[in-house]
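Accompanying notes for the structure given below.
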Amino acid sequence: MMTLLIVLVVVLGVMAVAQLARVYELTAKLRGKREEDITDSDNRMNARLMWLFCVAYFGFFIWLLVRYNDRMLPVSASEHGVWTDQLLDVNWYILFIVFFITNILLFYFAGRYVYDRNRRALWQPHNNKLELLWTIVPAVVLIGIIIYGLTIWNRITSPASPDAMVVEVYAKQFDWTARYPGADGIMGATDYRLINDQNPLGIVTPASIATRLDELAAEREAILKDIAQNEQVMPPAKLAESRKRVERIERTSARIIRLRTEMEQDIAMNKETSPYAHGEDDIVVKEFHLPIRKEVKMLIRSRDVIHSAYIPHLRAQMNAVPGMTTTFNMVPTITTDSMRTVMNDPAFEFILLCNKICGASHYNMQMALVVEPENAYNDWLAQQKPFQAAPEPAAPSAMTTTATEAPVTTN
Amino acid sequence: MGAVNTAHAGHDHHHHHEESWVSKYIFSHDHKMISKQFLITAIFMACVAVIMSIIFRLQLAYPGEGFAFTNFFLGDKWGKDGILDPNMYLALVTIHGTIMVFFVLTGGLSGTFANLLIPLQVGARDMASGFINMLSYWFFFLSSVVMLSSLFVEGGPASAGWTVYPPLSALPQSIPGSGAGMTLWLVSMALFIASSLMGGLNYVVTILNLRTKGMRMTRLPLTMWAIFITAVLGVLSFPVLLSAALLLILDRSLGTSFFLSDIHIAGEALDHVGGSPILFQHLFWFLGHPEVYIVLLPALGITSEIISTNARKPIFGYRAMIGSILAIGFLSFIVWGHHMFLTGMNPFLGSVFVFTTLLIAIPSAVKVFNYITTLWKGNIIFTPAMLFSIGLVATFIAGGLTGIILADSALDINIHDTYFVVAHFHIVMGMSAIFGMFAGIYHWFPKMYGKMMNTKLGYAHFWLTFVCAFGVFFPMHFVGLAGAPRRYYQYTEFPMFNGVTDLNVLITVFAIIGGLAQVIFIYNFFYSVYRGPKAVQNPWRSNTLEWTTPVEHLHGNWPGAIPEVHRWPYDYSKPGKAEDFVPQTVPIEAGEEEH
């Protein structure tokens, strides 16, 4: 009913405006005025509206600035964020000046030089001095902006120092996982084919390879059994799908076996420096903690589609791209607790959110980030369980059993 | 259909060849009819896209609340109880963007005004190839039909954003719209690109080869220069998008790995190895950035024409204006990486793109200052077209300035993909281009239909649209500076975004009023087509060639010989002349300086 009323009001409104316009049209016709002749009063009205608009425009702008100032992001909680905030401020000052000057000129001239049949416009096709002036001045200002901006950009993107701590932020539809390198301080290698419920990041260890191969073998068995039993009654599409799935499992298993060989050779050759030798003690958690005032190198990865790791309060952002690792270096400078005091909000949290369209629940892909003093951080980290228990003598035996069972179709 | 080459029909005006209804109104080779076809199609597509935007604006302002409006358009499947489905939300933003960027502001704007104005303003009987021109429209039409039909497939239309980044757009497991909807999107875009290339080649060839006697390149109206460079940009960049689309089709259907690698989705590790999603972004933005100027330049060209005519003053710095169009056109090809600062691209490469991007601000600033100087000491007549042109300058200033912020990679870190970006490109590219398009429609309506549009309704339309444009997009900067990402279905999941809820309501209210204001335009347009007062030959007392053609359209444009051109098009208020305008066809008098 309400909708109907609104529609009715709108339709009537349009009709009223249209009728009014018709009346004008008819009276104009009577007076012998043509549609393309703009009357002096129309010109004056629009000229005044230009001025009025300019005032309203600036008013609206300033109102937004004042009214919403406290809703903008608060002080930056990272070191580089302070630099970019300063850079932003400098840019704003320059742009505000240009904004007000150009708009004032535009709207002032538009309203000021309204048509007068007794006057002629100035004949002024060009003026090289003026044109040179407003080519060179913007160029000089822009060169300043470019140099300042690139200086900051280079500082932010320069390589992390060797003693920076490393943490991995891992994205999938629609949540985040964090990984810490564990006691050895080195992240283990990963492979997306090893991903399963226990190993959401696909960390490569002898045990995770063995488990994954077992899992794939079991799945293959089950499908083959299903096919053998129900081949006659299965719809052809389903049958084809099952066969395709078996093939894919075989391909995946073959790749994992190849990976295992690589791993074994690499460990044999490089011993402790092999990236394959560091997976077990990695810490994989659904919480994200960082110590304050310590340089952190974030490794950012994705399992499925492109995501973007964005922490607005730390002015940090980098895309998570499947198939590659991106990095972002930063130094958190304010703890969650201090920020709660600053914001006067006991429930305040730093948030890591997804900022690249990634699917239906894109709008709710988030993880809280806790920035805390180093000792609190260390306590928290000590409580976290490593990804896998240190390799027991049992592990190699599990490996050998799967090797015989695995459906080998290596090419 | 009349396969007679209409380009020569006008040589002999005694020869009336009868045309069937189909060859006159459907498969017409006449550039004026084709331009109307483009315009009407674009107006229809624009209405669809505006309705979509109202639906998702309602959701953003009042998340989780039901609206009969939503239910009416989306039915129970996507709008149960009037609540927008999250997948459909993404589909709507995707298709809204696609339609606006490609179908309205590329096809609609270039298609309408390039077709209408090129032969008329350079002095040609028709386009170089009327047949290809006709094909260009019908490919555009087909492409529109395919795009609209994708709204009705099972999984919904493409939903990966108008930039369709893989893997999201490549894998139906990741979002339902990446199934049949995405296939149709790609088919539609392939048709669109074909249309755009056929049109573009025609525009370039016609402007270069079919200018009338005396119409040197340095006497071309700025509209022609803008459309010329636009066509060159399109011809050079659209094929790259086509290649990206083809590779994406291969990845989707034939198991190749151009853009896909190491993906584990829906509980399964995919076979794809070795591709790069970033490669797609490079290919996409190699078109995507020139595309911004493909949208914007014709609008700037139209504005140059209208501001000069209605300020009764020559456009200030004609050569500088041409120079800045050329500079913008050239630079637009080497800035695409500024869309990709945060993709893991080498930071040094990022620096290069910062540099080239910020350089574009220089020719843009020159253009703005030249417009303002053209107004200075002018004698301004406020036709609706003039109002929209001044509006364009205002939006170009506001949107151009925030571009300087976004081009700075260090600042982009924190505002990339937030509402700040949405605000920026809607103002600088969306509003500027649509204002240019409205200006063009009001200005050349008498040429297109031989009728006049109602001025008062034009005023109401302009002022409402102008106020609402800023009402919608200005507050979005603040939403973005609060850190709110774009393409979020709702912001209620984050306490930190509670502060922008009332801004979202404000934006939506302005959006609805602004959307309704377009009803005035639609009414005025269609009413005037049929019942508007009859136009005179040169209603705006303009200098350009198109106003020397008769009001009634005829094939070949001029009943007799094509007039010869003797001067540039901006001799307004020239000292020593009786009238305040001197058409291009008037010979230079003895002792008169050209300009």
- Task: Being touching a Lys or Arg at 6+ places or on another chain (Cβ under 8 Å) and either within 30 Å of B:Val500 (Cβ to Cβ) or β-branched (Val, Ile, Thr) (or both) is the filter here, so list the residues in segment A:25-64 that pass it.
- Result: A:Thr39
- Hey, does segment B:66-76 have a residue that's assigned to a helix (DSSP H, G or I), over 30 Å from the mean Cα position of the chain (by Cα) and away from chain A (no Cβ under 12 Å)? yes
- State whether the residues of segment B:496-514 include one that is facing another protein chain (nearest Cβ under 7 Å) and over 30 Å from B:Asp417 (Cβ atoms). no
- Message: If I filter segment B:371-382 for residues that are under 27 Å from B:Pro221 (Cβ atoms), more than 7 Å from chain A (Cβ to nearest Cβ) and in contact with a helix residue (DSSP H, G or I) (Cβ under 6 Å, 6 or more places away or on another chain), do I get at least one hit?
- Response: yes
- Of the numbered conditions (1) more than 11 Å from chain A (Cβ to nearest Cβ); (2) of a type in the set (A, V, I, L, M, F, W, C); (3) surrounded by 19 or more Cβ atoms within 10 Å (Cβ to Cβ), B:Ala578 fails exactly one; give the number of that condition. (3)
- Message: Kindly evaluate B:Ser364 against the criterion of being within 30 Å of A:Tyr108 (Cα to Cα) and either without any contact (Cβ under 8 Å) to a residue 24 or more places away in the chain or in contact with a helix residue (DSSP H, G or I) (Cβ under 6 Å, 6 or more places away or on another chain) (or both).
- Response: yes
- Item | Checking A:Thr151 against (1) surrounded by 18 or more Cβ atoms within 10 Å (Cβ to Cβ); (2) part of a helix (DSSP H, G or I); (3) polar (S, T, N, Q), the condition it does not meet | (1)
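Yes or no, residue by residue, for (1) out of contact with any helix residue (DSSP H, G or I) (no Cβ under 7 Å at 6 or more places or on another chain); (2) within 9 Å of chain B (Cβ to nearest Cβ); (3) exposed (fewer than 12 other Cβ atoms within 10 Å of the Cβ):
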| residue | (1), (2), (3) |
| --- | --- |
| A:Thr27 | yes, no, yes |
| A:Glu36 | yes, yes, no |
| A:Met45 | yes, yes, no |
| A:Leu52 | yes, no, no |
- The number of residues in segment B:115-131 that are under 12 Å from B:Met198 (Cβ atoms) and assigned to a helix (DSSP H, G or I) is 3
- Conditions (1) under 23 Å from the mean Cα position of the chain (by Cα); (2) within 7 Å of chain A (Cβ to nearest Cβ) -> B:Leu392 fails only (2)
- Message: For segment B:168-179, check the following and say yes or no: at least one residue is among the hydroxyl-bearing types (Ser, Thr, Tyr) and within 22 Å of the chain's Cα centre (by Cα).
- Response: no
- Note on the structure: The residue that is farthest from the other protein chains (Cβ to nearest Cβ), considering only those in segment B:166-220 that are surrounded by 20 or more Cβ atoms within 10 Å (Cβ to Cβ) and touching a strand residue (DSSP E or B) at 6+ places or on another chain (Cβ under 9 Å), is B:Leu171
- If you take the residues in segment A:265-297 that are small (Gly, Ala, Ser) and in contact with a helix residue (DSSP H, G or I) (Cβ under 6 Å, 6 or more places away or on another chain), which one is nearest to A:Asp379 (Cα to Cα)? A:Ala277
- Taking the options B:Ser409, B:Ser432, name whichever one is crowded, with 24+ Cβ neighbours inside 10 Å and either under 28 Å from A:Asn154 (Cβ atoms) or charged (D, E, K, R) (or both). B:Ser409
- Message: Quick check on this structure: which one of B:Val292, B:Val273 is in contact with an Asp or Glu (Cβ under 7 Å, 6 or more places away or on another chain) and at pLDDT below 95?
- Response: B:Val273
- Of the criteria (1) closer than 30 Å to A:Leu314 by Cβ; (2) facing another protein chain (nearest Cβ under 8 Å), which one A:Gln86 fails: (2)
- Message: Given the condition closer than 24 Å to B:Gly391 by Cα and facing chain B (nearest Cβ under 9 Å), answer yes or no: does some residue in segment A:143-161 qualify?
- Response: no
- Item | Lone unmet requirement of (1) buried (at least 21 other Cβ atoms within 10 Å of the Cβ); (2) modelled with pLDDT under 95 for A:Thr211 | (1)
- Message: I'd like to check something: does segment B:383-395 contain any residue that is crowded, with 24+ Cβ neighbours inside 10 Å and over 17 Å from B:Asn310 (Cβ atoms)?
- Response: yes
- Query: Filter segment B:313-327 for residues that are under 24 Å from the mean Cα position of the chain (by Cα) and free of Cβ contacts under 8 Å to residues at least 60 places away in the same chain; which is nearest to the other protein chains (Cβ to nearest Cβ)?
  - Reply: B:Ala320
- Message: Suppose we filter B:Ser304, B:Ser261 for residues that are outside any helix (DSSP H, G or I), out of contact with any Asp or Glu (no Cβ under 7 Å at 6 or more places or on another chain) and either buried (at least 19 other Cβ atoms within 10 Å of the Cβ) or within 14 Å of chain A (Cβ to nearest Cβ) (or both); which single one remains?
- Response: B:Ser261
- Task: Please work out if A:Pro346 is part of a loop (DSSP other than H, G, I, E, B), more than 12 Å from chain B (Cβ to nearest Cβ) and either surrounded by fewer than 18 Cβ atoms within 10 Å (Cβ to Cβ) or modelled with pLDDT of 95 or more (or both).
- Result: no
- Task: Determine which single condition B:Gly483 fails, assuming it passes every other condition in (1) within 8 Å of chain A (Cβ to nearest Cβ); (2) of a type outside the set (A, V, I, L, M); (3) surrounded by fewer than 18 Cβ atoms within 10 Å (Cβ to Cβ).
- Result: (3)
- Tally, over segment A:131-171, of residues that are in contact (Cβ under 8 Å) with a residue 40 or more places away in the chain, under 15 Å from A:Val90 (Cα atoms) and small (Gly, Ala, Ser): 1
- Task: With the condition kept exactly as written, say whether any residue in segment B:416-427 is farther than 30 Å from A:Thr151 by Cβ, away from chain A (no Cβ under 12 Å) and either in contact with a Gly (Cβ under 7 Å, 6 or more places away or on another chain) or modelled with pLDDT of 95 or more (or both).
- Result: yes
- Message: Kindly evaluate B:Arg567 against the criterion of being at negative phi and within 10 Å of chain A (Cβ to nearest Cβ).
- Response: no
- Message: Here is a check on your reading of the model: is B:Thr548 in contact (Cβ under 8 Å) with a residue 24 or more places away in the chain and over 27 Å from the mean Cα position of the chain (by Cα)?
- Response: yes
- Scanning for something over 18 Å from B:Pro167 (Cα atoms), more than 7 Å from chain B (Cβ to nearest Cβ) and assigned to a loop (DSSP other than H, G, I, E, B), does segment A:370-380 turn up at least one residue? yes
- Task: Those residues that are closer than 30 Å to A:Leu290 by Cα, facing chain B (nearest Cβ under 8 Å) and surrounded by 12 or more Cβ atoms within 10 Å (Cβ to Cβ), I need them from segment A:54-81; list them, please.
- Result: A:Arg71, A:Met72, A:Leu73, A:Gly81
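The values are calculated or read from the model by the stated rules, or taken from the named source; none is laboratory data. Every value quoted in this text rests on a predicted model; they were computed, and no experiment measured them. Cβ atoms come from the backbone with ideal geometry, glycine included; neighbour counts cover every protein chain shown.
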